[in-house]
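S.K.: Right, I'll just put the structure down here and ask away after.
The values are calculated or read from the model by the stated rules, or taken from the named source; none is laboratory data. Being a predicted model, the structure only gives us computed values, none of them experimental. We place every Cβ from the backbone using ideal geometry, glycine too, and count neighbours over all the protein chains shown. The protein model used for the area step is the full one, side chains on, heavy atoms only, and it has no ligands, DNA or RNA in it. Shrake-Rupley method; radii C 1.70, N 1.55, O 1.52, S 1.80 Å.
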Amino acid sequence: MAKYIFVTGGVVSSIGKGIATASLGRLLRNRGFTVAPIKLDPYINVDAGTMNPFQHGEVFVTEDGAETDLDLGHYERFMDVNCSKGSSITTGKVYRNVIEAERRGDYLGGTVQVIPHVTNEIKRLVQEHAREQEADVVIAEIGGTVGDIESLPFLEAIRQMRTDLGYENTMYVHVTLVPTVGPWGEVKTKPTQHSVYKLREIGIAPDVLICRSDVEMPKDVIEKISLFCGVPPQAVVESRTVETIYEVPVVYEDYGLGDLVAKRLGLETHESHLGAWRELVDTIKNPIHKCKIAVVGKYTSNGDAYKSISEAIVHAGIANKAEVEIKWIESDNLEQGRNPAEILEGCDGLVVAPGFGGRGIEGKIEAIRFARESGLPFFGICLGLQMAVIEYSRNVCGLTGANSEEVEPSAPYPVIHLLPEQKGVTDKGASMRLGSYPCNLVHGSKAAELYGTSRITERHRHRYEVNNDFREKLLEHGLVISGVSPDYRLVEMIELPSHPFFVATQAHPEFKSRPNNPHPLFRGLVEAAVKRHQIALV
Ligand code: GLN
């Protein structure tokens, strides 16, 4: 039977509960355990696929095509596991199941209520996932902050799970904020105390407190938290703000959290192997090279909207021993008559991010033109590939007015058009081409060289594709179609051989990059950018 760790958050949101959960998972993975992370999200959307990235951050896509919360990206990157549909449980999903069951008559005339029907469904989904994954340990993070109305059924369900499964099989970890106030930067414990009181009111007494703090927490502060919150001092973990998020598991391990959790859950302790992880943290903190990469997108004022891309760039930095600065560029800004050369000044590489709809696309096309003509390393992701094809069609193939049907349905040259299987699809939820698909790479291409193989799989999330009617024209004018679906129907990757680095993919490679296994295409981009930076210096 699996052991369960439930992670809740207190005081305020955005204190890094996802990173804390992911880091805890890393500690258990280091001890050789099979860990299945789960995110329990209180929102009523069935999944995150219909949510605006500007409000909610990136939509993370799993191998099996679930559109999920960005925290699943942290879990995958830190724990080096693949999440799946069952890793994400939302209020919408739970209620949908309950209502469907009610309509079928499964409740035999009973009155359907939050307790027990909704809570039972939450518990069923959590345990079903644990069984499917054959997990030694399930780490389930509850979205939101204790005190939110919406998360109450989830908290009630995890409270019941202690009674159902026993003390030795369940553990509660509460992540709180320990702020400093006043001119002397006094460390304050009261918000943590209140947050724990709130949790206790619901019937949950935390076993571990992870205290997010910007400064070192003095011993007496830890003792005070321990006393007031009923948690032993060794389980009050100081989680100080660190230089890189990848350092958090190291901080926890050195604090003894891994051993504490293993002991508390009666997990037969294996030796912890954190050596390789420490090395990668060391590489991030002591880079040898430098470069700056511009990321053009529509939601760049919210860094979370492109979380996996910025992390994949960090990973590629590790592979190249380089510190990569990201310059976020709103695509709208490229459209207001400003010269891309001016906006991209000082940048050694350009990423054109995924996206939907027409806003900002002309700016993206202009930036790509500049990169193509000036030899600036360019990497296009999904919409980025589509924009690169439009740019090439217009400015190299002479197809004036070429566009995507998504932007201009009556374009004279619809070089990007709807995937045939998307015709007639009207629902927006979970209806795109989603999840992992195979792709064959052309022998001798940059892509094949970087991947080191000619058969790959990548995750997808799109409705449009390169229009095959224009494939010949593009090839005639020197564009290399370096990746295609095994049935040759879909253009999956393009590149320009005469350019230092001009690669674009219809997929989302950012979702598969891991700090200990950087993605080959991001690695190639950063390598090219570092080279360009070095040339610019001499
Ligand atoms: N809007 C484009 C499509 O649906 C690109 C999607 C994306 O960038 N994820 O095909």
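S.K.: Let me make sure I get this right: for the stretch 392-470, a, b and c are the square roots of the gyration tensor eigenvalues over alpha carbons, sorted descending. Under 1.5 in a/c it's rounded, otherwise prolate if a/b > b/c, else oblate. Which is it?
M.R.: Working: a/c = 3.14, a/b = 1.19, b/c = 2.64.
Oblate, since a/c reaches 1.5 and b/c is not below a/b.
S.K.: A further question follows. In whole angstrom, how far apart do the alpha carbon centroids of the stretch 258-279 and the stretch 13-54 sit?
M.R.: 20 Å
S.K.: Using only the alpha-carbon atoms, how far is helix 190-202 inclined from the longest principal axis of the chain? Give it as 0 to 90 degrees, nearest 10.
M.R.: That works out to roughly 80 degrees.
S.K.: Contour minus end-to-end for R96 and E271, with contour as 0.36 nm per residue of separation and end-to-end as the Cα-Cα distance?
M.R.: Values: separation 175, 0.36 × 175 = 63.00 nm, distance 4.30 nm.
Full extension of this stretch gives 58.7 nm more.
S.K.: Here is a further query. Over 32 Å between Cα atoms: which of K190/K298; K39/K198; K224/K512; K188/K327 fall into that group? Mind dumping the intermediate values first?
M.R.: Numbers: K190/K298 40 Å; K39/K198 21 Å; K224/K512 43 Å; K188/K327 36 Å.
Listed pairs above 32 Å: K190/K298; K224/K512; K188/K327.
S.K.: Further question: State, to one decimal in nm, how far the label point of I44 lies from the label point of V215, with both points 7 Å from Cα in the Cβ direction.
M.R.: 4.4 nm
S.K.: Then there is this: Sorted from largest to smallest, which semi-axis lengths in Å does the alpha carbon gyration tensor of the stretch 1-49 give for its equivalent ellipsoid, taking the root of 5 times each eigenvalue? Provide the component values of the computation, followed by the final result.
M.R.: Details: eigenvalues 101, 45, 20 Å².
Listed largest to smallest, the semi-axes of the stretch 1-49 are 23, 15, 10 Å.
S.K.: Looking at the square roots a ≥ b ≥ c of the eigenvalues of the Cα gyration tensor of the stretch 155-291, which shape do they give, rounded for a/c under 1.5, prolate if a/b is larger than b/c, or oblate? Display every interim value, and only then the final one.
M.R.: Values: a/c = 2.25, a/b = 1.24, b/c = 1.83.
Since a/c reaches 1.5 but b/c is at least a/b, the shape of the stretch 155-291 is classed as oblate.
S.K.: Sort the stretch 430-474 into rounded, prolate or oblate with this rule: let a ≥ b ≥ c be the square roots of the eigenvalues of the Cα gyration tensor; rounded if a/c is under 1.5, and if a/c is not under 1.5, prolate when a/b is larger than b/c, oblate otherwise.
M.R.: Values: a/c = 3.37, a/b = 1.19, b/c = 2.83.
Since a/c reaches 1.5 but b/c is at least a/b, the shape of the stretch 430-474 is classed as oblate.
S.K.: How far is the Cα center of the stretch 70-123 from the Cα center of the stretch 437-472, in Å?
M.R.: That distance is 35 Å.
S.K.: Here's a follow-up. Given the protein chains as shown and a 1.4 Å probe, how many square angstrom of D106 are accessible, to the nearest 10?
M.R.: Number for this one is 80 Å².
S.K.: Sticking with this structure for a sec: Just to verify a number: what accessible area does K188 come out at with the full protein assembly present, 1.4 Å probe, Å² rounded to tens?
M.R.: Here the residue's solvent-accessible area equals roughly 70 Å².
S.K.: What share of the DSSP beta bridges in the stretch 1-156 is antiparallel, in percent to the nearest 5? Intermediate results must be reported in sequence, preceding the final value.
M.R.: Working: 2 of 16 bridges.
So the antiparallel bridges in the stretch 1-156 amount to around 10 percent.
S.K.: Might you work out the accessible area of I149 for me, using a 1.4 Å probe with all protein chains in place, and round it to the nearest 10 Å²?
M.R.: The value for I149 is about 140 Å².
S.K.: Would you mind getting the accessible area per residue of the stretch 321-367, heavy atoms of the protein chains only, 1.4 Å probe, in Å²?
M.R.: Working: 2000 Å² over 47 residues.
Accessible surface, normalised per residue, equals 43 Å².
S.K.: Residues of the stretch 163-271: accessible area per residue at 1.4 Å, in Å²?
M.R.: Details: 5340 Å² over 109 residues.
That works out to 49 Å² per residue.
S.K.: Three principal axis extents, largest first, for the C-alpha atoms of the stretch 101-195, in Å?
M.R.: The Cα atoms of the stretch 101-195 stretch 63, 32, 20 Å along their principal axes.
S.K.: Angle, helix 520-537 long axis vs. longest principal axis of the chain, Cα atoms, 0 to 90°, nearest 10?
M.R.: Helix 520-537 sits at roughly 70 degrees to that axis.
S.K.: Name the residue from S404, G380, G524 whose Cα lies farthest towards the positive end of the charge dipole of the chain, charges +1 on Cβ of Lys and Arg and -1 on Cβ of Asp and Glu.
M.R.: G524
S.K.: If R₀ is 45 angstrom, what is the calculated FRET efficiency for the pair S431 and V114, using the beta carbon separation as r and rounding to 0.05?
M.R.: Values: r = 30 Å, r/R0 = 0.66.
For S431 and V114, the calculated efficiency is 0.90.
S.K.: Could you give the semi-axes, largest first, of the ellipsoid that matches the chain, computed as the square roots of 5 times the alpha carbon gyration tensor eigenvalues and rounded to whole Å? Walk me through the numbers on the way to the answer.
M.R.: Details: eigenvalues 370, 158, 83 Å².
The equivalent ellipsoid of the chain has semi-axes of 43, 28, 20 Å.
S.K.: Would you please give the residues with an amide H less than 5 Å from that of K290, counting only those at least 5 places away or on a separate chain, with H modeled from the backbone geometry?
M.R.: Counting only residues 5 or more places away or on other chains, the set is E323.
S.K.: Going by average Cβ neighbours within 10 Å, how do the peptides 341-347, 139-145, 413-419 rank, with the highest at the top? Each step should come with its number before you reach the end.
M.R.: On the way: 341-347: 15.4, 139-145: 23.7, 413-419: 20.7.
In decreasing order of mean packing, 341-347, 139-145, 413-419 become 139-145, 413-419, 341-347.
S.K.: Still on this model: Using a simple charge model, +1 on the beta-carbon of Lys and Arg, -1 on the beta-carbon of Asp and Glu, nothing else, what dipole does the stretch 333-385 show about its Cα centre, in debye to the nearest 20? Walk me through the numbers on the way to the answer.
M.R.: Values: 5 positive and 7 negative charges, 39 e Å.
Approximately 180 debye in magnitude.
S.K.: Rank E476, E223 by accessible area, highest first, at a 1.4 Å probe radius? List each step's numbers first, then the result.
M.R.: Values: E476 130, E223 90 Å².
Greatest to least solvent exposure: E476, E223.
S.K.: Compute the accessible area per residue over the stretch 454-498, keeping the other protein chains in place, probe 1.4 Å, unit Å². It would help to have the intermediate numbers written out before the result.
M.R.: Values: 1920 Å² over 45 residues.
Spelled out: the 1.4 Å probe surface of the stretch 454-498, per residue, equals 43 Å².
S.K.: Same structure again: Top to bottom by accessible area (1.4 Å), largest first, where do H270, H289 land? List each step's numbers first, then the result.
M.R.: Values: H270 90, H289 65 Å².
Descending order: H270, H289.
S.K.: Let me ask you something else. When the solvent-accessible surface of protein heavy atoms is calculated with a 1.4 angstrom probe, in what order do E458, E201, E323, E366 fall, highest first? It would help to have the intermediate numbers written out before the result.
M.R.: Details: E458 10, E201 140, E323 100, E366 75 Å².
Accessible-area ranking of E458, E201, E323, E366, largest first: E201, E323, E366, E458.
S.K.: Please report the carbon-and-sulfur percent of the accessible area for the chain; probe 1.4 Å, protein heavy atoms only, DNA, RNA and ligands left out.
M.R.: In the chain, the share of accessible area belonging to carbon and sulfur is 50 percent.
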